[in-house]
Amino acid sequence: MHLTEQETAWLAGDAGPAIRRAMEIVVALGKIYGAERLIPVASVQISGVSYRNIGASGLDFLRRWAEEDARVRIPTTLNPTAMDMAAWRAQGFDPAFAAKQQEVVEVFARMGVGGGRPIPTCTPYLIGNVPAPGEHIAWAESSAVSYANSVLGARTNREGGPGAIAAALTGRTGAYGLHLDAARRATLRVEVTAPLHSIPDFSALGAIVGRAASKRVPYFEGLPLARGDDLWQEKLKALGAAMAATGAVALYHVAGVTPEAATPAILAPEHETCVVDDLTPGYALLNDATASVDLVWIGCPHASPAEIALAAEAVRGHRLRAPLWITCARPIKDAAAAQGLAAEIEAAGGRIIADACMAIAPVKDLGFQCVATPSAKGAFYLRNLAGVAAHFGTLEQCIAAALTGEW
Ligand code: F3S
């Protein structure tokens, strides 16, 4: 691999042990994936923030790096934590767990993540971290990677936790995979004839196509969506998140909508074609037999202001039996409070939760056994990471479950 003079010096330890370790990781990853050189990246998004997931050894690893004076050199944002960093008591978290979770975020803050005041979220593009088309970035959260690549036209592989930190400390990543034109061509043409209306419909479509695509790059035709339509970004956010969960899709194109769809020869000649004429299998894929629902979760990926407004409208005048938690970035929670939406949701018995993701929270320890959500990705990870039963359905089905406590 060709390294610049400065990169070679960093690798030799000239800039201290933290940068040397980061360079070792960046170079090792680049070699594994066949990169011929490193490229500068404009921003980083770090995953592996939940203390439930990283545990004591992960926290030690971060502490050691911070003690070596590791500092990020480019704008860097943080994935969600397990809990609302300000309102964790009301969520029922154990103080010992909360202290560890707070320390994880403090260590990242010491490294300069979020300018020293990180805002944990999986939708950094909703709070100002919006990469430009063609810009190279190193993001880790799979739904954000999909959104950045597909909807914004930026270029990122899906970084692992340590790889993203290493990219933030060096401002570099290997020039391989989705940073290069060749890997951005579509290899699966998806003809959509099923009617799609709501955001969860796009999530159900993503659940189906993710399974069919695995690591391939889908090219959608027939989607009833135009840039600038009501909720078009939310629908694509849901589509990409679901494909990243049931498959490993990190980039997709939508004819007439996403920026690279019109690139000549974007559809590889050797592509295969599949047709989706029914969303029922997508909804059915992620439903357990458990009938009683003890939590309804909206906000996977983190909710936009429009999604919070939809939820507030759906619960207006109702009294929920099961708790309803809506997760989002803190500035979006604050805006919802200022607009009176948070009060409406609370009047119905719901709550807006900043910073957190329920899929990486100790959901069982909080007393929940079965969670309903209008997100295919949410249901997928509730089952596979949080280890609880899940239901995936429309917003109406989820609100009905919150009203009755039954699916
Ligand atoms: Fe975000 Fe968690 Fe869903 S990180 S995309 S809310 S699984």
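Per the listing THR327, THR273, the residue uniquely in contact (Cβ under 8 Å) with a residue 60 or more places away in the chain and away from the ligand (no atom under 16 Å from the Cβ) is THR273.
Would you kindly identify the strands (runs of 3 or more DSSP E) lying entirely within region 167-233 that contain at least 2 residues that are surrounded by fewer than 19 Cβ atoms within 10 Å (Cβ to Cβ) and out of contact with any Gly (no Cβ under 9 Å at 6 or more places or on another chain)? Break it down stepwise before answering.
Numbers: elements: 172-174, 186-192, 218-221.
It comes to 186-192.
Of the residues making up region 303-312, at least one is outside the structural domain of SER142 (by TED's automatic domain parsing), closer than 24 Å to TYR147 by Cβ, within 14 Å of the ligand (Cβ to nearest atom) and acidic (Asp, Glu). Taking the conditions (1) part of a helix (DSSP H, G or I); (2) more than 15 Å from the ligand (Cβ to nearest atom) in turn, ILE54 satisfies each one other than (2).
The selection criterion, being away from the ligand (no atom under 16 Å from the Cβ), closer than 25 Å to THR170 by Cβ and surrounded by fewer than 21 Cβ atoms within 10 Å (Cβ to Cβ), does not hold for ARG89. Within region 60-70, the set of residues being surrounded by fewer than 14 Cβ atoms within 10 Å (Cβ to Cβ) and either in contact with a Gly (Cβ under 6 Å, 6 or more places away or on another chain) or without any contact (Cβ under 8 Å) to a residue 12 or more places away in the chain (or both) comprises ASP60, GLU67. Filtering region 286-302 to residues that are in contact with a Ser or Thr (Cβ under 7 Å, 6 or more places away or on another chain) and either more than 16 Å from the ligand (Cβ to nearest atom) or closer than 21 Å to VAL145 by Cβ (or both) leaves GLY299, CYS300, PRO301, HIS302. Residues that are touching a strand residue (DSSP E or B) at 6+ places or on another chain (Cβ under 9 Å), among the small types (Gly, Ala, Ser) and loosely packed, with under 13 Cβ neighbours inside 10 Å within region 29-59 comprise just one, GLY34. Of the residues making up region 358-376, those that are closer than 17 Å to ALA311 by Cβ and either within 8 Å of the ligand (Cβ to nearest atom) or assigned to a loop (DSSP other than H, G, I, E, B) (or both) are MET358, PRO374, SER375. In summary, LEU152 fulfils each of the numbered conditions (1) assigned to a helix (DSSP H, G or I); (2) in the same structural domain as ALA18 (by TED's automatic domain parsing) with the single exception of condition (1). Filtering region 75-106 to residues that are part of a helix (DSSP H, G or I) and either closer than 15 Å to ASN53 by Cβ or of a type in the set (D, E, K, R) (or both) leaves ARG89, PHE97, LYS100, GLN101, GLU103, VAL104, VAL105, GLU106. Can you pull out the residues in region 109-134 that are closer than 23 Å to CYS300 by Cα, more than 15 Å from the ligand (Cβ to nearest atom) and in a helix (DSSP H, G or I)? Selection gives VAL113, GLY114.
Being more than 16 Å from the ligand (Cβ to nearest atom), modelled with pLDDT of 95 or more and either exposed (fewer than 15 other Cβ atoms within 10 Å of the Cβ) or in the same structural domain as CYS398 (by TED's automatic domain parsing) (or both) is a condition met by at least one residue of region 238-257.
Quick one: is LEU382 within 12 Å of the ligand (Cβ to nearest atom) and in the same structural domain as THR327 (by TED's automatic domain parsing)? Judged against the criteria, LEU382 is a match.
State whether the residues of region 361-376 include one that is in contact with a Leu (Cβ under 6 Å, 6 or more places away or on another chain), surrounded by fewer than 22 Cβ atoms within 10 Å (Cβ to Cβ) and either at pLDDT below 95 or within 20 Å of ALA284 (Cβ to Cβ) (or both). No, region 361-376 has no match at all.
Restricting to region 120-145, name every residue that is crowded, with 21+ Cβ neighbours inside 10 Å and more than 12 Å from the chain's Cα centre (by Cα).
Filtering region 120-145 for residues crowded, with 21+ Cβ neighbours inside 10 Å gives 120-126, 129, 131, 137-145.
ASN129, PRO131, ILE137, ALA138, listed by residue number.
The values are calculated or read from the model by the stated rules, or taken from the named source; none is laboratory data. If you're wondering where the values come from, they're calculated on a predicted model, not measured in any experiment. Positions of Cβ are backbone-derived with ideal geometry, glycine not excepted, and every protein chain shown enters the neighbour counts.
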